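Please read the structure below before turning to the comments.
Taken together, the values in this text are just the output of simple stated rules run on the coordinates, not laboratory data. All values reported here derive from a predicted model rather than from experimental measurement. Every residue, glycine as well, gets a Cβ built from its backbone with ideal geometry; the counts of neighbours run over all protein chains shown.
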Amino acid sequence: MKTKKFKKEIRLSGSGGQGLITAGIILARAAVIDKINVTQTQSYGPESRGGASRADVIISNDEFYYPEAVNFDVLLALTQEACDKFAVDLKDEGILIIDNSIVKNTPKMESEIYEHPFTEIARKKLGSELPTNILSLGFLVKITGVVSEHSLKTAVGNSMKPQFKDMNMKALKLGIKLAEVDIKNNGA
């Protein structure tokens, strides 16, 4: 039996200091662990903290020839600026995931939209906003299934300094559990 071909273009967007480039690298590593074709590119503003930041990941079980995402299947927006700027490039049947503790104006669109206060959840449950990137990445992976949870956990574990590993693994589990609730409530 032939495996159905798939290609997913994913943009993780927000501002510098939110760890989105790290999250993009981790997502790409998880795809490599799953033995899926992947490319990861990134862009950030002149300031390392506070400037615009994005990481693009293309994951496919088939060959692809252009390494940058242009028509997203999934957009994670952790700032209003990122949401406003990149939502126009999300496919109609795409998935928009926003941090509604920061993004207050959700665009009207045909895409499936998930809104959660990822930053507030990280602050309240983990005592820090730092793992918001991993919390929202866990949510994204559980909702989309672009990589296996096992490979994502492995990639997170292998990417963190020892002093941050425990907090980020907890953040990952929180994101996955949050998505499980949405999936159950939406009957997906």
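Which pairs break 30 Å Cα to Cα here: Lys108/Lys184; Lys8/Lys85; Lys35/Lys161; Lys35/Lys125; Lys5/Lys177; Lys4/Lys142?
Lys35/Lys125
Treat the count of other C-beta atoms within 10 Å as a stand-in for reagent exposure and order Thr106, Thr119 from fewest to most.
The most exposed by this proxy come first: Thr106, Thr119.
Could you check the simple spin-label distance between Asn105 and Glu93, using points 7 Å along Cα→Cβ, in nm with one decimal?
3.0 nm
I want to verify a result. In a Gaussian network model of the chain, Cα cutoff 10 Å, which of these has the top mean-square fluctuation: Leu178, Leu20, Leu135?
Top of the fluctuation ranking is Leu178.
Any idea what Rg and Dmax come out to for region 7-186 if you just take the C-alpha atoms, in Å?
For region 7-186, the Cα radius of gyration and maximum Cα-Cα distance read 14.8, 43 Å.
Taking H placed 1.01 Å from N in the peptide plane, check which residues at least 5 places from Tyr114 or on another chain put their amide H under 5 Å from its amide H.
Under 5 Å from the amide H of Tyr114: Leu96, Ile97, Ile98.
Could you derive backbone 3J(HN,Hα) for region 71-87 from the dihedral phi with the Karplus parameters 6.51, -1.76 and 1.60 (θ = phi - 60°), listing whole Hz in sequence and x where the residue is Gly or Pro?
The phi angles translate into 9, 6, 8, 9, 10, 9, 10, 9, 9, 4, 4, 5, 4, 4, 6, 9, 4 Hz.
What helices does the chain hold that run 27 Å or longer along their axis, going by alpha-carbon atoms, with a Kyte-Doolittle average of -1.0 or more, using DSSP H for the helix calls?
162-186
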